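The values are calculated or read from the model by the stated rules, or taken from the named source; none is laboratory data. The structure presented is a predicted model; accordingly, all values stated were derived computationally and were not measured. Here the Cβ positions follow ideal geometry from the backbone for every residue, glycine too, while neighbour counts run over all protein chains shown.
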Amino acid sequence: MKKGSAELLILSVIENGQRHGYEIARQIELRSRGAISFHVASLYPMLYRLEARGLIEGRWVEKAGQRRRRYYRLTTNGHVTLAAQRSLWREFFVGLNRVAGLRNA
Amino acid sequence: MSGPDWRGLVRARLDRITDDPAHDEDIVEELAQHLVQRYAEYLDRGQDQRAAVRNALGELDDTDGLAAALRSAAPRGPVAPQPPIVGGAPSMWNDLGQDIRYGARILLRSRGFASAAVLTLALGIGATTAIFSVVNAVLLRPVPFTGLDRLTVVWQTDRNTGTVREPSSLPDFLDVKERSRQFDGFGGFDASERTLTPLEGEPSRLPVLLVTHDLIPLFGVRPILGRVFTAEEDVPGGPELALISERLWEQQFQRAQDVVGRTIRLNDVETEIIGVLPADSDFGIMQILRSAAYARGFADRDLRSRVDVWISLRGDTRVLVRDTHPLLVAGRLAPSATVSTAQAEMTTIMADLEAQYPSNDARGVFVEAMGDVVFSSVRGPLWILLAAVGLVLLIACVNVANLLLARGTTRLREVAVRAAMGAPLRRLVRQFAAENLVLALASAALGVVFAAVALRGLVALAPADIPRVTEVRIDGVVLALAAAVALMTGLVFGIVPALQARRLDVQGALKAEESRGSTAGRERGTLRSILVVSEVALAVVLVIGAGLLIKSAWRLSHVDAGFLAASVLKAEVQLPSSRYRSRSDQFPNFVSVHRFNDELLRRLAGLPGVEAAAVVGNHPVDPGFQNSWQVVGREEEARTWPEIAIRRVGPTYFETVRLTVSTGRSFSDTDGPLAPTVSIINETTARRFFPGQDPVGQEIRFWGVNRRIVGVVRDEKILGLSREAPPAVYVPFAQAPSNNGSETFLVRSSAPLATIATSLRAAVRELDPQLAVFGIQPLTQTVAESVARERFVMLLLVSFAGVAVVLAAIGIHGVLSYAVVQRRHELGIRMALGAPAVRVTGLVLRQGALLTAVGLVIGLAGALALTRVLTTQLYGVSATDLTAFAAVVPLLGIVALVATWLPARQAVRTDPLEAMRDG
């Protein structure tokens, strides 16, 4: 995977609402139809790094009758970064397509 | 559903992730939750349990790599839990609750910090609360009398002696009452004692107030039961009636409602009870008595006396003549009058009386607000103590501020990130405020516990002349104040780091985490240094104050009192006049009295270990009474002489208290009731009234009797250790009038005084089973109680200074330890380059020395300005005493050195390689 793609994936799946770690991994698996999967060993260090960089924010949430869970959501910085990454990746794909003719492969 | 213990499985694979166990716990919890769901997912897909567990655990992969990856990704240092989100519309209270819960969690996470801060603050709050409780109960609480501000004490003055607080004579009282227009009313009282003989049990001595009928209504005191005295009853030969205190009612009658009309036996006289007065009806009485030049009654015996019985005075002007001054007078100002208009009017009245009656020669008047009389002796010391304890609280706050600043540094990143992510300043400040609120409340709670413990000791130690000291307790007002102090402390010092952090830009803050010597870091370092310097300065002020008081107390304890109190037991009895007749026509041959004394002394002298025993009118630090006097042949001259203290002593007195006879002879058994009357004067009398003459052989005259001077003795400090000895004359006990039968016995013994006390009680019981022995204690204790206030103020100030020094040491230690950690990199390089350990130690020591030195200088200057308030509390020491000021330098120097030494050692132990790698 291209450097930074994992970041894009994670930011994307929490773009419209907060999710906990398992949901994030599950969403990526579902949306990629199983093509991409994250294991604990790679997912969480990534989440923590994104958090330390201020792109996402993790919070322990307590709901009545349930164990507390840590939910992640995008910060303002995260939204800005996601938008920037999208356009970068879009350009990258366009270039890739032009060179390798991926779309019609 | 959840299957195996996922937390345990995760934990087993990730031994230690970060440096913070609590943070590790969170990571483990998060990963475990993930695996729980994965496991469920695998089961859903039809995998068997073992396969599901194996596959889920497979996600942890290479555990070494995972721990390292998590560590590098996780923020360095403890990570604060994030404020939780609670479902539903966020309301302010909801948020506040969250913030507080979050604050409590944060504090639980950093137990070291929290316990240091809470303990420090609790110490400060506890001490302040305890002292404020005393101030509140004694000075600030409403008094039980109505309109205390309109009440005055009307003293007489004596221009000859220069005394301004003398009691009045009964005729003067009656004249003043009739002539004055500036007063709404007057009341008079005379302090006395009675032996209460209960139906069952031992007889005991009770403090009794002989009052004019108008005194109790004048104070605005109403009986709980029954009535007060009427004017008709307050006449010579009136009925034997008594009002009793609530305490006595409880103790003797178990609060029986039918107590009115029953009788108690006082000095062998059946006395009818007409009412019960509420517990605090004797408010101020002790202070008025203690202020009086004489006629202080039970106030001289037991400083904690509470009045138990009020008896109608029934004053007879034929007995209480104009030159007898037993009566303390209180007056209530008329609505239009002030203390000064009342003083002016009374001066005129007294001048008229002086012109009218020769015995009123040189007598004037001093109208003093009763509030001043009651509170003046304690106001100074109490405010001083409150100020001192305030300094301790201030130091505690400085220490906590220091801790918070140090913590602020480690939390800088958290704050900066949150600020960058758009957390509004309001929210951040509130977050920090909530955290510190929790801190403050915990400190306040612990502080109140400390205060309760301290208060018990304080009240036990407190000098007895503090009004209402027995009523001291922690009440609502005090609690509210403690909470307010805690809150202020928390808010002020807690928010500072939030604001400070907020000022920095995100980038700078994030970078500051990595690079030392940033502007922000240095700024904070400076702020902390300033705090430590002020802490040292405050401690210096307290230590100097304490030093002055210690020196003063030392001076007092080494003062030459003239008598030797060690190994002397004091005991008192009162011989009731019904059985021990002292009729004036037999004066001074009171056979039954002398028989009792001689027999008791004979038995005491026979006890093992007893070296000497004596009967006296007053013990050596009891001022007793004084009288006008003359030297025979110099009557004219003597008109302007001050009164002389008259000491009735048995012949063995001088030997018992080791009072030296400087010229002439001592008394002997031959100076009996029928022998020629003799006297002995003290050196002050000899010096002032017989300059250049030999007083021995001359005659002095008082109480209508000439007494030949047979000797001169050294001065005894009968007015208290801190005051000069007044002129005094000693007369043989056998040749003196009986003072209402009150006698004191002094026994010098090499045997334990407790044993002597037991034997003495037994001896008295054998001689007269109905007599009460009271005031039985070592004479050293009596002397100590006479300087109780000085000792109390000293002990408290010394303990405050001690706490201050410890806190300052903690402060110095904290700042330097932190500095050493910050300079690890630099120190590491220095050592790697071959700097000797001594040099590195020196660097740290120099920093500590600088902080201490600056603090010392500022503190010394502050002390110079502040110790002046102690002047009235000092004996034989000036408020700018050089030794006290000089002693603080080595003391704090050594403490600071120790506090600096530990961080310095730590600096040397830094491993250069490690320090540089970390950098």
(request) Check B:MET286, B:MET346, B:MET350, B:MET370 and return the single one that is buried (at least 18 other Cβ atoms within 10 Å of the Cβ), outside the structural domain of B:PHE186 (by TED's automatic domain parsing) and in contact (Cβ under 8 Å) with a residue 24 or more places away in the chain. (result) B:MET370
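Yes or no: region A:92-105 includes at least one residue that is within 11 Å of another protein chain (Cβ to nearest Cβ) and either part of a loop (DSSP other than H, G, I, E, B) or among the β-branched types (Val, Ile, Thr) (or both). It would help to see each step written out before you state the result.
Going through region A:92-105, the residues within 11 Å of another protein chain (Cβ to nearest Cβ) turn out to be none.
Checking region A:92-105: not a single residue is within 11 Å of another protein chain (Cβ to nearest Cβ) and either part of a loop (DSSP other than H, G, I, E, B) or among the β-branched types (Val, Ile, Thr) (or both).
What strands (runs of 3 or more DSSP E) completely inside region B:256-340 contain at least 1 residues that are modelled with pLDDT of 95 or more? Walk me through it before giving the result.
Working: elements: B:263-266, B:269-277, B:309-312, B:328-333.
It comes to B:269-277, B:309-312, B:328-333.
What helices (runs of 4 or more DSSP H) lie completely within region B:670-786 and have 2 or more residues being of a type in the set (Gly, Ala, Ser) and buried (at least 18 other Cβ atoms within 10 Å of the Cβ)?
Details: elements: B:683-689, B:753-767, B:779-786.
Helices (runs of 4 or more DSSP H) meeting the threshold: B:753-767.
Among the listed residues B:SER376, B:SER359, B:SER336, B:SER305, identify the single one that is of a type in the set (S, T, N, Q) and surrounded by 21 or more Cβ atoms within 10 Å (Cβ to Cβ).
Working: B:SER376 fails: surrounded by 21 or more Cβ atoms within 10 Å (Cβ to Cβ); B:SER359 fails: surrounded by 21 or more Cβ atoms within 10 Å (Cβ to Cβ); B:SER336 fails: surrounded by 21 or more Cβ atoms within 10 Å (Cβ to Cβ).
Among B:SER376, B:SER359, B:SER336, B:SER305, only B:SER305 is of a type in the set (S, T, N, Q) and surrounded by 21 or more Cβ atoms within 10 Å (Cβ to Cβ).
So in region B:821-834, with the set limited to residues that are aliphatic (A, V, I, L, M) and free of Cβ contacts under 8 Å to residues at least 40 places away in the same chain, which one is surrounded by the fewest Cβ atoms within 10 Å (Cβ to Cβ)? Spell out the reasoning first.
From region B:821-834, those aliphatic (A, V, I, L, M) are B:821, B:827, B:829, B:831-833; that's our starting set.
Now narrow it down to the ones that are free of Cβ contacts under 8 Å to residues at least 40 places away in the same chain: B:821, B:833.
Working: B:VAL821: 17, B:LEU833: 8.
Among those residues, the one meeting the criterion is B:LEU833.
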(message) Can you find, within region B:788-802, the residue that is modelled with the lowest pLDDT among those that are crowded, with 21+ Cβ neighbours inside 10 Å and of a type in the set (A, V, I, L, M)?
(response) B:VAL793
(request) Report, ordered by the first and then the second residue, all pairs with beta carbons closer than 8 Å, sequence separation of six or more or different chains, a first member in region B:791-820 that is over 22 Å from B:VAL854 (Cβ atoms) and free of Cβ contacts under 8 Å to residues at least 40 places away in the same chain, and a second member that is of a type in the set (D, E, K, R) and surrounded by fewer than 20 Cβ atoms within 10 Å (Cβ to Cβ). (result) none
(request) Could you figure out which of (1) in contact with a helix residue (DSSP H, G or I) (Cβ under 9 Å, 6 or more places away or on another chain); (2) modelled with pLDDT of 75 or more; (3) assigned to a helix (DSSP H, G or I) isn't true of B:ARG456? (result) (1)
(request) Search region B:639-653 for residues that are modelled with pLDDT under 85 and surrounded by fewer than 24 Cβ atoms within 10 Å (Cβ to Cβ) and pair each with any residue that is part of a loop (DSSP other than H, G, I, E, B) and of a type in the set (A, V, I, L, M) when their beta-carbon atoms are under 9 Å apart and the residues are at least 6 apart or on different chains. (result) B:ARG639/B:ALA362; B:THR640/B:ALA362; B:GLU643/B:ALA293
(request) Report yes if some residue within region A:3-24 is in contact (Cβ under 8 Å) with a residue 40 or more places away in the chain, surrounded by fewer than 18 Cβ atoms within 10 Å (Cβ to Cβ) and of a type in the set (A, V, I, L, M); otherwise report no. (result) yes
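Within region B:582-627, restricting attention to residues that are in a loop (DSSP other than H, G, I, E, B) and free of Cβ contacts under 8 Å to residues at least 12 places away in the same chain, which residue is nearest to B:GLN770 (Cα to Cα)?
Kept after step one, since they are in a loop (DSSP other than H, G, I, E, B), are these residues of region B:582-627: B:582-583, B:587-590, B:606-609, B:617-624.
Checking which are free of Cβ contacts under 8 Å to residues at least 12 places away in the same chain leaves us with B:583, B:606.
Numbers: B:ARG583: 21, B:GLY606: 23 Å.
Out of the qualifying residues, it is B:ARG583.
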(message) Among the residues of region B:843-860, are any assigned by TED's automatic domain parsing to the domain that holds B:ILE384, more than 19 Å from B:GLU535 (Cβ to Cβ), at pLDDT below 80 and of a type outside the set (Gly, Ala, Ser)?
(response) no
(request) Those residues that are within 9 Å of chain A (Cβ to nearest Cβ) and not in a helix (DSSP H, G or I), I need them from region B:17-62; list them, please. (result) B:GLU59, B:LEU60, B:ASP61, B:ASP62
(request) Of the numbered conditions (1) crowded, with 16+ Cβ neighbours inside 10 Å; (2) part of a loop (DSSP other than H, G, I, E, B); (3) more than 36 Å from the chain's Cα centre (by Cα), B:ARG579 fails exactly one; give the number of that condition. (result) (1)
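For B:ALA863, are the conditions met, namely being at pLDDT 85 or above and buried (at least 17 other Cβ atoms within 10 Å of the Cβ)? Full working, then the answer.
Numbers: at pLDDT 85 or above: yes; buried (at least 17 other Cβ atoms within 10 Å of the Cβ): yes.
It is true that B:ALA863 is at pLDDT 85 or above and buried (at least 17 other Cβ atoms within 10 Å of the Cβ).
So is A:ARG33 closer than 26 Å to B:ILE106 by Cβ, more than 7 Å from chain B (Cβ to nearest Cβ) and not in a helix (DSSP H, G or I) or not? Steps first, please.
Working: closer than 26 Å to B:ILE106 by Cβ: no; more than 7 Å from chain B (Cβ to nearest Cβ): yes; not in a helix (DSSP H, G or I): yes.
No, not satisfied.
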(message) I'm trying to understand the selection: among the residues of region A:62-85, which are at the interface with another protein chain (Cβ under 7 Å from one of its Cβ atoms) and either in contact (Cβ under 8 Å) with a residue 24 or more places away in the chain or polar (S, T, N, Q) (or both)?
(response) A:ARG69, A:ARG70, A:THR75, A:THR76, A:ASN77
